[in-house]
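Only one structure is covered here, and it is reproduced in the block below.
The values are calculated or read from the model by the stated rules, or taken from the named source; none is laboratory data. Given the structure is predicted, the values throughout are model-derived calculations rather than measurements. Here the Cβ is made from the backbone with ideal geometry for all residues, glycine too, and neighbour counts use every protein chain on show.
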Amino acid sequence: MSIKNSLEAFKEAKKVIPGGVDSPVRAFKSVGGTPLFIQRGEGAYLYDIDGNRYIDFVQSWGPLIFGHCDKDIESSVIKAAKKGLSFGAPTTVETKLANEIVQMFDNIDKIRFVSSGTEAVMSAIRLARGYTNKDDIVKFEGCYHGHSDSLLVQAGSGAVTFGTPSSPGVPNDFTKHTLLAKYNDIKSVEKCFENSKDIACVIIEPIAGNMGLVPAHREFLKKLRELCDKNGALLIFDEVMSGFRADLKGAQGLVDTKPDIVTFGKVIGGGMPVGAFGARDEIMDKLSPDGPIYQAGTLSGNPVAMSAGLASIQKLKNTPNIYSELERKAKKLMDGFRSEAEKNGIPLQTCVKGSMFGFFFNENPVKNFDDALKSDTKMFALFHSKMIESGVYFACSQFETGFISTVMSDKMIDEVILKAKIAFKELKAEC
Ligand SMILES: *Cc1c(COP(=O)(O)O)cnc(C)c1O
């Protein structure tokens, strides 16, 4: 397999773009390779600029639940684009998408659209602080909530991959308001509430997808809810990844706990840049222009992006059994991986939530960030490059989640298991 053109393109990119990429997770740094430059996508496949084809389990890091170039989303985008790309004035498609989402959740009366997950979460935190009149927030080690200042503390995703849990440029004065707790460990949250009477909110990925895939335990989320209520803090579910991915209703659809504020992104944009945050009236009405808490965006609710989101959400709602079917395929893939790894004496922990899946080269079950960090990242890097070589595109880090799309057939899954089988055999011989 030649990646000559990608190598050349990367060299050129690095001259004018830091690290040659516009988001660090794309850089293939932790697996020691070169990022592939993509020419196009089609269905379940990605094509790089050398003409190589890959089955794509990254799907733009989650949004593309219908695969590349879905006809319904594509045509709604083209139709919207022909009417003008942006107006900076309200359009009815925003209300339509808002209605589609609000109707699905008892705990969301209103929703506001922004242009990224980062923006959604940053705004949700401001809203929680403004609403409660408190400054501190609790976040969990290994959870990623975008790259805004207060949230870049022990963050997952790219921040783990590069071993820079916090970042230069973020003043201590900001992060001193961010209290850290351990995922799935309620005692660590109780401690935060003992140490501070000024906690505005607890923010969590109810299905963590940025330290690898690690779901929160039901009982843990229930206790979180109780702790927040007892202490007058809001509970925020960051469902930027899990929303419309784990289930039509996200993690919320799978557990009994209801958060006060929910953030969305990724799938609700259908591949276009969209984020959103929603809550009940009492909270949302505090936002400007109705309330005093300021939040804004020149391109927020952009009509092209909203049209992609609307097409995507409507299609999800209209496809019966979509999540159980996606989950069946994800389980098939992970069961196949685990059994082939086992045959070669390679310990592999696997996890599936709807269309999300994850695997750790780890001897023990992973329930928090510390456990995840004990994974064999060297083994992952080797596996990753072998899979790329054989035409399978996984996220280039042990600490990311994989995604199944509706256009992946059982035959494709079988094919990938077969390729993994060969990779595990080679790993056994080499390690
Ligand atoms: C991807 C992600 C974000 C950030 O979204 P961007 O669109 O990359 O800014 C925030 N929270 C979670 C849980 C995510 O997975």
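Select from segment 114-138 the residues that are within 12 Å of the ligand (Cβ to nearest atom), in contact (Cβ under 8 Å) with a residue 40 or more places away in the chain and touching an Asp or Glu at 6+ places or on another chain (Cβ under 9 Å) and list them in ascending order.
G117, A120, V121, A124
Starting from segment 274-286, take each residue that is touching a residue at least 12 places away in the same chain (Cβ under 8 Å) and in the same structural domain as E205 (by TED's automatic domain parsing) and list its partners that are buried (at least 21 other Cβ atoms within 10 Å of the Cβ) and in a loop (DSSP other than H, G, I, E, B), counting only C-beta distances under 6 angstrom and pairs at least six apart or across chains.
Taking only residues 6 or more apart or on different chains, the pairs are G275/G265; G278/I108; A279/D260.
Of the residues in segment 126-153, how many are touching a Gly at 6+ places or on another chain (Cβ under 7 Å) and in a helix (DSSP H, G or I)? Step through it out loud before you land on a result.
The initial filter retains those residues of segment 126-153 that are touching a Gly at 6+ places or on another chain (Cβ under 7 Å), namely 132, 142-144, 146.
Now restrict to residues that are in a helix (DSSP H, G or I): 132.
So the answer is 1.
Take D229 and tell me if it is among the acidic types (D, E), surrounded by fewer than 20 Cβ atoms within 10 Å (Cβ to Cβ), closer than 18 Å to I125 by Cβ and away from the ligand (no atom under 15 Å from the Cβ).
Taking the combined requirement at face value, the residue does not satisfy it.
So if I check each of F87, F174, which one is at pLDDT below 95, among the aromatic types (F, W, Y) and surrounded by fewer than 19 Cβ atoms within 10 Å (Cβ to Cβ)?
F174
Give C201, C192 a once-over and let me know the one that is within 16 Å of the ligand (Cβ to nearest atom) and either outside any helix (DSSP H, G or I) or assigned by TED's automatic domain parsing to the domain that holds M104 (or both).
Selected residue: C201, the only one of C201, C192 that is within 16 Å of the ligand (Cβ to nearest atom) and either outside any helix (DSSP H, G or I) or assigned by TED's automatic domain parsing to the domain that holds M104 (or both).
Any idea which residue in segment 396-431 is farthest from the chain's Cα centre (by Cα), counting only those that are assigned to a loop (DSSP other than H, G, I, E, B) and within 22 Å of K343 (Cα to Cα)?
Checking each candidate, the answer is C431.
Being within 16 Å of the ligand (Cβ to nearest atom) and outside any loop (DSSP other than H, G, I, E, B) is the requirement here; does K79 meet it?
It is false that K79 is within 16 Å of the ligand (Cβ to nearest atom) and outside any loop (DSSP other than H, G, I, E, B).
What is the residue count in segment 355-390 for residues that are within 28 Å of A181 (Cβ to Cβ) and part of a helix (DSSP H, G or I)?
The qualifying residues number 7.
If I filter segment 277-311 down to residues being β-branched (V, I, T) and touching a helix residue (DSSP H, G or I) at 6+ places or on another chain (Cβ under 8 Å), which single residue comes out as farthest from S242 (Cα to Cα)?
I293
For segment 19-40, does any single residue satisfy the condition of being of a type in the set (K, R), assigned by TED's automatic domain parsing to the domain that holds I268 and either within 16 Å of the ligand (Cβ to nearest atom) or closer than 28 Å to Y144 by Cα (or both)?
Scanning segment 19-40, I find no residue that is of a type in the set (K, R), assigned by TED's automatic domain parsing to the domain that holds I268 and either within 16 Å of the ligand (Cβ to nearest atom) or closer than 28 Å to Y144 by Cα (or both), so the answer is no.
For T257, work out the one condition from (1) outside any loop (DSSP other than H, G, I, E, B); (2) farther than 29 Å from T377 by Cα; (3) more than 16 Å from the ligand (Cβ to nearest atom); (4) touching a Phe, Trp or Tyr at 6+ places or on another chain (Cβ under 9 Å) it doesn't fulfil.
(1)
Which residue out of D290, D371 is acidic (D, E) and buried (at least 19 other Cβ atoms within 10 Å of the Cβ)? Show your work before the answer.
Working: D290 fails: buried (at least 19 other Cβ atoms within 10 Å of the Cβ).
From the options D290, D371, the qualifying one is D371.
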